[in-house]
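What follows is a set of notes on a single structure, which appears directly below.
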Amino acid sequence: MAADVCDRIGAGVPPAASGAAPAGQGWTAGRVVSLIAGSILGLVCALLLGGAGILTWADQEQHGGYLATGTATYSTGGYAVASDPVNLHGMWGWLGQFTGDVRIRVTATSPGAPVFVAIGPAGDVSRYLAGVSYTSVTALGVRDVTQHLGNVPPAPPSTALDWVAQARGSGTQTLRWTVRSGDWMVVVMNPDGAPGVSVRADLGVSSPVLPWLAGELLAAGILAGLTGAALVVIPVRLAAVRR
């Protein structure tokens, strides 16, 4: 072996280091890190493209400019049907940046009967309904109904509070409200404050920024996918090179 080494030196060829991998071959720490980062970016790409697809679908599902729930029927022998307080604070307050307005449509189940619908600060509405018999709902559907007992008749609702939005009359009444930070409650009553309320209602939310958000997520997803592919393909090819 010594003779072979001497022959290589004499020929001007440096001896190979014992156990050393050829240049460009093998998985170095940097290539492993690149592969992991590329795989993570691939997952991010899938999530972003999925989000873009969902937002595109939601935009196409808007009817009359609103994403609407199904219609639900609510009845109570009390004086009102009210929502539980809706808390829009902190990050929930940012909903106003992505929504246009909320639309609530209410129709009395008795043809031609008048109905009143309004939204106001939760604290004021709670005080107005204190001691009053009414029904509260947390979401559309009878599974989320709670009965509140009381024996105090309320004042007619239209002038009882400084509502931020209200609608009243016969037929379908439409209330529109621009989302903003705070605690809010929705109330449906008879305009004269009489007991016995039975209505059909649906909720809609407009979001004119959906196409823009979908486009942003799509662009970010494509960028993440291309970057992730490069971070995976390049180290794989370099690790396979033999020199």
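For the reader, a short list of remarks on this structure follows.
- Qualifying position, being within 30 Å of ALA80 (Cα to Cα), touching a Lys or Arg at 6+ places or on another chain (Cβ under 6 Å) and at pLDDT 85 or above, among ASP192, ASP202: ASP202
- Leading residue by the ranking (nearest to THR69 (Cα to Cα)) among those in region 109-118 that are touching a strand residue (DSSP E or B) at 6+ places or on another chain (Cβ under 6 Å) and surrounded by fewer than 21 Cβ atoms within 10 Å (Cβ to Cβ): THR109
- When region 140-167 is filtered for residues that are among the charged types (D, E, K, R) and modelled with pLDDT of 90 or more, only ASP162 remains.
- When region 133-183 is filtered for residues that are in a helix (DSSP H, G or I), crowded, with 16+ Cβ neighbours inside 10 Å and hydrophobic (A, V, I, L, M, F, W, C), nothing remains.
The values are calculated or read from the model by the stated rules, or taken from the named source; none is laboratory data. A quick note: this is a predicted structure, and the numbers were derived from the prediction, not measured. Neighbour counts are summed over all protein chains in view; Cβ atoms, including those assigned to glycine, are modelled from backbone coordinates with ideal geometry.
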